[in-house]
1. Considering only region 127-153, how many residues are out of contact with any strand residue (DSSP E or B) (no Cβ under 8 Å at 6 or more places or on another chain), within 24 Å of residue 210 (Cα to Cα) and not in a helix (DSSP H, G or I)?
2. Of the residues 36, 71, only one is in a helix (DSSP H, G or I) and within 22 Å of residue 107 (Cβ to Cβ); which?
3. If I filter region 200-218 for residues that are more than 19 Å from residue 108 (Cβ to Cβ) and in contact (Cβ under 8 Å) with a residue 12 or more places away in the chain, do I get at least one hit?
4. Could you check, for region 175-188, whether at least one of its residues is touching a helix residue (DSSP H, G or I) at 6+ places or on another chain (Cβ under 6 Å), touching a residue at least 12 places away in the same chain (Cβ under 8 Å), farther than 20 Å from residue 113 by Cα and outside any strand (DSSP E or B)?
5. Within region 126-161, can you find the residues that are at pLDDT 95 or above and closer than 20 Å to residue 199 by Cβ?
6. Residues to consider are 193, 230; find the one that is within 12 Å of residue 109 (Cα to Cα) and surrounded by fewer than 22 Cβ atoms within 10 Å (Cβ to Cβ).
7. Is it the case that residue 107 is surrounded by fewer than 13 Cβ atoms within 10 Å (Cβ to Cβ), closer than 25 Å to residue 131 by Cα, under 18 Å from the mean Cα position of the chain (by Cα) and touching a residue at least 40 places away in the same chain (Cβ under 8 Å)?
8. In the set 195, 250, which member is in contact (Cβ under 8 Å) with a residue 40 or more places away in the chain and touching a strand residue (DSSP E or B) at 6+ places or on another chain (Cβ under 9 Å)?
């Protein structure tokens, strides 16, 4: 069993380096359980850290949109790790050739203000809010090792670090966001100055804070927790867009700010 975990992590890591797409993980190392998928993820992340001399700075939450959950046949979201060296400030220009896929997800990013204490009662939207400090408008670039990520199963996506590639972050809102109804906050995604997709915070498990509560509870069930300074992207607030070389992406979060990037 341990060999299959190691083999899967190595296969995914090498596929990232060569930017090759496959139908799925090899049958011999496809994880039988979600627990094994997260073990593969841990080994993959360790290899990425060593190869790129980077560190983890938080989490991405995936599959928080009901339509995506239905598409993937998922019963709950999943998470991956965010890296320091692939987190960029708004305005960054990235090489399109650096990615196999360039799937744009407009996301509310939240930053933990303090460690999340252990709790026998599951966290909720309201009980997790006091432990969160900043809210940041963000875009996640999703990338993966598969010809069609909708056909490989959630456990393969978890194994592949939640198919996370990069985060682009705008200017943080330090506190006003806590008085807002994030479920009603609109999000507009523009491509080359043309409005391409729209959505609201309600698309993120009903409210991005619901996603934060899910992550806090999930990590604690695994013997882990969120720590002060952790940055968390909470999932796509509007339909995704697949970018190509030459695209300029801008996401407008209204009073919460904007974030932009482009691909050379």
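1. 1
2. Checking each option against the conditions leaves just 71.
3. no
4. Checking region 175-188: at least one residue is touching a helix residue (DSSP H, G or I) at 6+ places or on another chain (Cβ under 6 Å), touching a residue at least 12 places away in the same chain (Cβ under 8 Å), farther than 20 Å from residue 113 by Cα and outside any strand (DSSP E or B).
5. 135, 136, 137, 138, 139, 140, 141, 142, listed by residue number.
6. 230
7. Numbers: surrounded by fewer than 13 Cβ atoms within 10 Å (Cβ to Cβ): no; closer than 25 Å to residue 131 by Cα: yes; under 18 Å from the mean Cα position of the chain (by Cα): yes; touching a residue at least 40 places away in the same chain (Cβ under 8 Å): yes.
So residue 107 does not fit the description; no.
8. Result of the check over 195, 250: 250.
The values are calculated or read from the model by the stated rules, or taken from the named source; none is laboratory data. Computed from a predicted model, the values in this text were never measured in an experiment. Virtual Cβ from ideal backbone geometry, glycine too; neighbours counted across all protein chains shown.
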